[in-house]
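Here the structure is laid out as C-alpha coordinates; the discussion comes afterwards.
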(Lines give C-alpha, C1' and ligand atoms only; values in the text may rest on other atoms or scores of the structure.)
Protein backbone atom coordinates (compact mmCIF):
# COMPACT_ATOMS: atom_id res chain seq x y z
CA UNK A 1 0.00 0.00 0.00
CA UNK A 2 1.53 3.35 -0.97
CA UNK A 3 1.22 6.52 1.07
CA UNK A 4 -1.67 7.86 -0.98
CA UNK A 5 -3.70 4.79 -0.06
CA UNK A 6 -3.13 5.17 3.67
CA UNK A 7 -6.29 5.52 5.71
CA UNK A 8 -4.74 7.64 8.45
CA UNK A 9 -1.67 8.49 10.49
CA UNK A 10 0.70 5.99 12.12
CA UNK A 11 1.00 8.11 15.25
CA UNK A 12 -0.48 11.27 16.73
CA UNK A 13 0.92 13.42 19.54
CA UNK A 14 -1.19 16.12 21.22
CA UNK A 15 0.07 18.89 23.51
CA UNK A 16 -2.40 21.09 25.38
CA UNK A 17 -0.93 24.59 25.14
CA UNK A 18 -3.63 26.62 26.90
CA UNK A 19 -6.50 25.63 29.16
CA UNK A 20 -8.32 27.03 32.19
CA UNK A 21 -6.29 24.63 34.33
CA UNK A 22 -2.62 23.70 34.50
CA UNK A 23 -1.47 20.10 34.25
CA UNK A 24 2.28 20.72 34.45
CA UNK A 25 3.52 22.92 37.27
CA UNK A 26 5.11 26.15 36.12
CA UNK A 27 2.84 26.77 33.15
CA UNK A 28 0.24 29.51 32.84
CA UNK A 29 -3.53 29.14 32.71
CA UNK A 30 -6.14 31.24 30.93
CA UNK A 31 -9.81 30.91 30.12
CA UNK A 32 -9.63 29.38 26.66
CA UNK A 33 -8.20 26.48 24.73
CA UNK A 34 -5.35 25.69 22.36
CA UNK A 35 -3.79 22.38 21.36
CA UNK A 36 -0.81 21.51 19.16
CA UNK A 37 -1.25 18.36 17.07
CA UNK A 38 1.66 16.55 15.45
CA UNK A 39 0.88 13.52 13.30
CA UNK A 40 3.15 11.18 11.37
CA UNK A 41 2.52 9.03 8.31
CA UNK A 42 5.44 6.92 7.08
CA UNK A 43 8.02 9.44 8.25
CA UNK A 44 6.09 12.44 6.95
CA UNK A 45 5.05 14.80 9.75
CA UNK A 46 2.12 17.20 9.69
CA UNK A 47 1.30 19.74 12.41
CA UNK A 48 -1.93 21.59 13.14
CA UNK A 49 -2.61 24.27 15.73
CA UNK A 50 -6.20 24.03 16.90
CA UNK A 51 -7.42 27.30 18.43
CA UNK A 52 -5.13 29.99 19.81
CA UNK A 53 -6.88 30.87 23.10
CA UNK A 54 -7.46 34.53 23.84
CA UNK A 55 -4.32 35.19 25.86
CA UNK A 56 -1.23 35.68 23.71
CA UNK A 57 0.97 36.08 26.80
CA UNK A 58 -0.13 32.72 28.20
CA UNK A 59 0.08 31.12 24.77
CA UNK A 60 3.66 32.23 24.06
CA UNK A 61 4.81 31.55 27.63
CA UNK A 62 3.54 27.96 27.54
CA UNK A 63 4.81 27.35 24.01
CA UNK A 64 8.27 28.43 25.16
CA UNK A 65 8.17 26.36 28.36
CA UNK A 66 6.97 23.28 26.48
CA UNK A 67 9.52 23.83 23.70
CA UNK A 68 6.93 23.47 20.98
CA UNK A 69 8.27 24.45 17.56
CA UNK A 70 5.46 26.40 15.93
CA UNK A 71 7.50 26.90 12.76
CA UNK A 72 6.41 23.38 11.81
CA UNK A 73 2.69 24.28 11.83
CA UNK A 74 1.11 23.41 8.48
CA UNK A 75 -2.38 24.74 9.24
CA UNK A 76 -4.46 26.48 11.89
CA UNK A 77 -7.90 25.17 12.80
CA UNK A 78 -10.30 27.57 14.55
CA UNK A 79 -13.22 25.74 16.17
CA UNK A 80 -15.47 28.81 16.47
CA UNK A 81 -15.39 32.58 16.52
CA UNK A 82 -15.30 33.13 20.29
CA UNK A 83 -12.49 35.21 21.75
CA UNK A 84 -11.25 32.50 24.09
CA UNK A 85 -10.53 30.31 21.05
CA UNK A 86 -9.39 32.78 18.39
CA UNK A 87 -8.70 35.98 20.32
CA UNK A 88 -4.98 36.03 19.56
CA UNK A 89 -5.15 34.59 16.05
CA UNK A 90 -3.75 37.86 14.67
CA UNK A 91 -0.69 37.72 16.93
CA UNK A 92 -0.12 34.03 16.23
CA UNK A 93 -0.25 34.56 12.46
CA UNK A 94 2.14 37.50 12.77
CA UNK A 95 4.49 35.35 14.85
CA UNK A 96 4.42 32.46 12.37
CA UNK A 97 5.06 34.73 9.36
CA UNK A 98 3.76 31.93 7.18
CA UNK A 99 1.11 31.86 4.46
CA UNK A 100 -0.68 28.85 5.89
CA UNK A 101 -4.32 27.80 5.56
CA UNK A 102 -6.69 28.68 8.40
CA UNK A 103 -9.71 26.36 8.60
CA UNK A 104 -12.84 28.13 9.85
CA UNK A 105 -16.35 26.98 10.80
CA UNK A 106 -18.22 29.82 9.14
CA UNK A 107 -17.74 33.17 7.45
CA UNK A 108 -16.89 36.11 9.68
CA UNK A 109 -16.16 39.21 7.63
CA UNK A 110 -13.68 40.89 9.97
CA UNK A 111 -11.95 37.60 10.78
CA UNK A 112 -11.58 36.55 7.16
CA UNK A 113 -10.30 40.00 6.13
CA UNK A 114 -7.73 39.90 8.94
CA UNK A 115 -6.48 36.46 7.88
CA UNK A 116 -6.16 37.57 4.26
CA UNK A 117 -4.41 40.80 5.26
CA UNK A 118 -1.77 38.78 7.11
CA UNK A 119 -1.11 36.63 4.05
CA UNK A 120 -2.78 33.44 5.27
CA UNK A 121 -5.57 31.61 3.45
CA UNK A 122 -9.03 31.36 5.08
CA UNK A 123 -10.90 28.15 4.27
CA UNK A 124 -14.56 27.93 5.30
CA UNK A 125 -15.63 24.43 6.37
CA UNK A 126 -19.40 24.69 6.04
CA UNK A 127 -19.31 21.00 5.07
CA UNK A 128 -16.94 18.19 6.14
CA UNK A 129 -13.50 18.71 4.63
CA UNK A 130 -10.37 16.54 4.64
CA UNK A 131 -6.98 18.27 4.69
CA UNK A 132 -3.32 17.30 5.14
CA UNK A 133 -4.40 13.76 4.27
CA UNK A 134 -5.43 12.54 7.73
CA UNK A 135 -7.13 15.59 9.26
CA UNK A 136 -10.80 16.36 8.79
CA UNK A 137 -13.30 19.05 9.75
CA UNK A 138 -16.68 17.78 10.87
CA UNK A 139 -18.19 20.64 8.93
CA UNK A 140 -20.04 23.48 10.60
CA UNK A 141 -22.63 22.43 13.18
CA UNK A 142 -24.90 24.40 15.49
CA UNK A 143 -27.84 26.69 14.97
CA UNK A 144 -26.73 29.64 17.09
CA UNK A 145 -23.02 29.18 17.70
CA UNK A 146 -21.41 27.91 14.51
CA UNK A 147 -18.69 25.43 15.36
CA UNK A 148 -16.72 22.62 13.78
CA UNK A 149 -14.55 20.00 15.45
CA UNK A 150 -11.29 18.40 14.39
CA UNK A 151 -11.06 14.74 13.42
CA UNK A 152 -7.67 13.00 13.22
CA UNK A 153 -7.71 9.66 11.45
CA UNK A 154 -5.46 6.76 12.44
CA UNK A 155 -4.26 4.02 10.12
CA UNK A 156 -5.79 1.44 12.48
CA UNK A 157 -9.30 2.65 11.51
CA UNK A 158 -9.65 4.69 14.66
CA UNK A 159 -10.09 8.43 15.03
CA UNK A 160 -9.54 11.17 17.59
CA UNK A 161 -12.13 13.92 18.04
CA UNK A 162 -11.04 17.33 19.36
CA UNK A 163 -13.75 19.76 20.41
CA UNK A 164 -13.33 23.46 21.11
CA UNK A 165 -16.44 24.12 23.20
CA UNK A 166 -18.88 21.57 21.73
CA UNK A 167 -21.66 24.17 21.63
CA UNK A 168 -23.76 21.94 19.33
CA UNK A 169 -23.50 19.16 21.95
CA UNK A 170 -20.60 16.75 22.38
CA UNK A 171 -22.78 13.66 21.82
CA UNK A 172 -24.28 15.19 18.67
CA UNK A 173 -20.79 16.01 17.38
CA UNK A 174 -19.49 12.52 18.18
CA UNK A 175 -22.43 10.84 16.46
CA UNK A 176 -21.97 13.11 13.44
CA UNK A 177 -18.27 12.20 13.26
CA UNK A 178 -19.10 8.50 13.53
CA UNK A 179 -21.47 8.80 10.58
CA UNK A 180 -18.76 10.51 8.54
CA UNK A 181 -16.32 7.71 9.35
CA UNK A 182 -18.60 4.71 9.61
CA UNK A 183 -15.74 2.21 9.26
CA UNK A 184 -13.65 3.89 11.96
CA UNK A 185 -13.82 3.53 15.75
CA UNK A 186 -13.99 6.59 18.01
CA UNK A 187 -10.86 6.22 20.17
CA UNK A 188 -10.65 9.56 21.97
CA UNK A 189 -12.64 12.72 22.66
CA UNK A 190 -10.67 15.65 24.08
CA UNK A 191 -11.67 19.29 24.60
CA UNK A 192 -14.43 21.47 25.96
CA UNK A 193 -17.77 19.68 26.41
CA UNK A 194 -19.87 22.73 27.40
CA UNK A 195 -21.75 20.93 30.18
CA UNK A 196 -21.88 21.69 33.89
CA UNK A 197 -24.15 19.34 35.86
CA UNK A 198 -23.65 15.84 37.19
CA UNK A 199 -26.67 14.70 35.19
CA UNK A 200 -25.12 15.92 31.95
CA UNK A 201 -21.80 14.37 32.91
CA UNK A 202 -23.39 10.97 33.52
CA UNK A 203 -25.16 11.09 30.16
CA UNK A 204 -21.93 11.96 28.33
CA UNK A 205 -19.93 9.41 30.33
CA UNK A 206 -22.44 6.67 29.56
CA UNK A 207 -22.34 7.52 25.85
CA UNK A 208 -18.54 7.29 25.83
CA UNK A 209 -18.64 4.00 27.71
CA UNK A 210 -21.22 2.49 25.35
CA UNK A 211 -19.02 3.48 22.41
CA UNK A 212 -15.89 2.07 24.08
CA UNK A 213 -13.97 5.33 23.80
CA UNK A 214 -10.47 4.72 25.16
CA UNK A 215 -9.60 8.28 26.24
CA UNK A 216 -12.06 10.98 27.32
CA UNK A 217 -10.57 14.24 28.56
CA UNK A 218 -13.07 17.04 29.26
CA UNK A 219 -11.59 20.47 29.86
CA UNK A 220 -12.06 24.23 29.39
CA UNK A 221 -15.83 24.90 29.52
CA UNK A 222 -16.67 21.59 31.23
CA UNK A 223 -17.85 22.17 34.81
CA UNK A 224 -16.28 20.35 37.75
CA UNK A 225 -19.49 18.51 38.64
CA UNK A 226 -19.77 17.23 35.08
CA UNK A 227 -16.11 16.19 35.03
CA UNK A 228 -16.51 14.28 38.27
CA UNK A 229 -19.60 12.47 36.97
CA UNK A 230 -17.78 11.50 33.76
CA UNK A 231 -14.88 10.17 35.82
CA UNK A 232 -17.24 8.13 38.00
CA UNK A 233 -18.68 6.47 34.89
CA UNK A 234 -15.43 5.96 32.98
CA UNK A 235 -12.77 5.57 35.66
CA UNK A 236 -9.28 5.32 34.17
CA UNK A 237 -10.63 6.04 30.69
CA UNK A 238 -11.32 9.61 31.82
CA UNK A 239 -8.06 11.58 31.75
CA UNK A 240 -7.36 14.85 33.51
CA UNK A 241 -6.52 17.68 31.13
CA UNK A 242 -4.81 21.05 31.47
CA UNK A 243 -1.95 23.07 30.02
CA UNK A 244 1.04 20.81 29.48
CA UNK A 245 -0.92 17.58 29.23
CA UNK A 246 0.19 15.37 26.35
CA UNK A 247 -1.54 12.45 24.67
CA UNK A 248 0.01 9.93 22.30
CA UNK A 249 -1.85 7.58 20.01
CA UNK A 250 -0.39 4.89 17.78
CA UNK A 251 -2.05 3.04 14.94
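The values are calculated or read from the model by the stated rules, or taken from the named source; none is laboratory data. None of the values given here were measured: they were computed from a predicted structure. Positions of Cβ are generated from backbone atoms using ideal geometry, with glycine treated the same way; all protein chains shown enter the neighbour counts.
For the range 143-152, a residue qualifies if it is part of a loop (DSSP other than H, G, I, E, B) and either touching a strand residue (DSSP E or B) at 6+ places or on another chain (Cβ under 8 Å) or touching a residue at least 60 places away in the same chain (Cβ under 8 Å) (or both), and the qualifying residues are 145, 146, 148, 149.
Which one is nearest to residue 157 (Cα to Cα) among residues in the range 227-251 that are surrounded by fewer than 17 Cβ atoms within 10 Å (Cβ to Cβ) and in contact (Cβ under 8 Å) with a residue 60 or more places away in the chain? Among those residues, the one meeting the criterion is 250.
Determine whether residue 117 is exposed (fewer than 15 other Cβ atoms within 10 Å of the Cβ) and over 21 Å from residue 44 (Cβ atoms).
Yes; evaluated as a whole, the condition is true for this residue.
Only a single item in (1) outside any helix (DSSP H, G or I); (2) crowded, with 21+ Cβ neighbours inside 10 Å; (3) in contact (Cβ under 8 Å) with a residue 60 or more places away in the chain is not met by residue 62, and it is number (1).
Scan the range 33-46 and give yes if some residue there is touching a helix residue (DSSP H, G or I) at 6+ places or on another chain (Cβ under 8 Å), at pLDDT 95 or above and farther than 24 Å from residue 128 by Cα, otherwise no. No, the range 33-46 contains no residue that is touching a helix residue (DSSP H, G or I) at 6+ places or on another chain (Cβ under 8 Å), at pLDDT 95 or above and farther than 24 Å from residue 128 by Cα.
In the range 72-102, of all residues being closer than 16 Å to residue 33 by Cα and in contact with a strand residue (DSSP E or B) (Cβ under 6 Å, 6 or more places away or on another chain), the one that is surrounded by the most Cβ atoms within 10 Å (Cβ to Cβ) corresponds to 79. Residues in the range 142-156 that are modelled with pLDDT of 90 or more and either under 11 Å from the mean Cα position of the chain (by Cα) or more than 21 Å from residue 108 (Cβ to Cβ) (or both): 148, 149, 150, 151, 152, 153, 154, 155. Of all residues in the range 180-201, none satisfies being surrounded by fewer than 18 Cβ atoms within 10 Å (Cβ to Cβ), free of Cβ contacts under 8 Å to residues at least 24 places away in the same chain and under 17 Å from residue 106 (Cβ atoms). Confirm whether residue 224 is more than 27 Å from residue 8 (Cα to Cα) and either modelled with pLDDT of 95 or more or crowded, with 23+ Cβ neighbours inside 10 Å (or both). Here the answer is yes, as residue 224 does meet what is asked.
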